[in-house]
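The values are calculated or read from the model by the stated rules, or taken from the named source; none is laboratory data. As the structure is a computational prediction, the values presented were derived from the model and not from experiment. In this analysis, Cβ positions are derived from the backbone assuming ideal geometry, glycine residues included, and neighbour counts consider all displayed protein chains.
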Amino acid sequence: MGDNQSFAVDLEQLERAETGVRDAVAELREIVPWDVGAPDGKGVRGYVDNNADAAGHDRLETALRTFGEKWEWGVKYLVEDGLETADALAETNENYREAERQAGGFLDRLEHFVTGDPTKSYEQAQQDGPTPASTPEN
């Protein structure tokens, strides 16, 4: 903590993380047809029950059915938690963007206070545009 490094958040990485989670959830939904009872935790089990006999071997079919039975609720919770995580990442991203916007506004006002025309309010100075004193020389 004492190394005097600044704190930064990479908003693009937050956005990529959100997209990645949403993409993973979408893939789970493609694998397990969510419209076949999955909201009730029956998506995996129903999918496996409908397809396990295609495994071609009794022990593999039994193993698949056991998996479907044990994970019917697990996948549901993975999807729900994944969506909550993606929503939280999106909200965090938006909060950081808003904080940056507000900080920028504060710095603009501070600049006006220090270098702007003292006879004008910040809002008036914004409407009039930069004064010669605040415009960088070429």
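All of (1) modelled with pLDDT of 85 or more; (2) over 25 Å from the mean Cα position of the chain (by Cα) hold for LEU107 with one exception: (1).
Residues are listed down the side, and each one gets a yes or a no for (1) surrounded by 11 or more Cβ atoms within 10 Å (Cβ to Cβ); (2) within 26 Å of ALA26 (Cα to Cα):
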position: ALA63; (1), (2): yes, yes
position: GLU80; (1), (2): yes, yes
position: GLU94; (1), (2): yes, yes
position: GLY104; (1), (2): no, no
position: GLY116; (1), (2): yes, no
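In segment 55-62 there is at least one residue that is at pLDDT below 85 and more than 30 Å from GLN127 (Cα to Cα). If I filter segment 71-84 for residues that are among the small types (Gly, Ala, Ser), without any contact (Cβ under 8 Å) to a residue 24 or more places away in the chain and in contact with a helix residue (DSSP H, G or I) (Cβ under 7 Å, 6 or more places away or on another chain), do I get at least one hit? Scanning segment 71-84, I find no residue that is among the small types (Gly, Ala, Ser), without any contact (Cβ under 8 Å) to a residue 24 or more places away in the chain and in contact with a helix residue (DSSP H, G or I) (Cβ under 7 Å, 6 or more places away or on another chain), so the answer is no.
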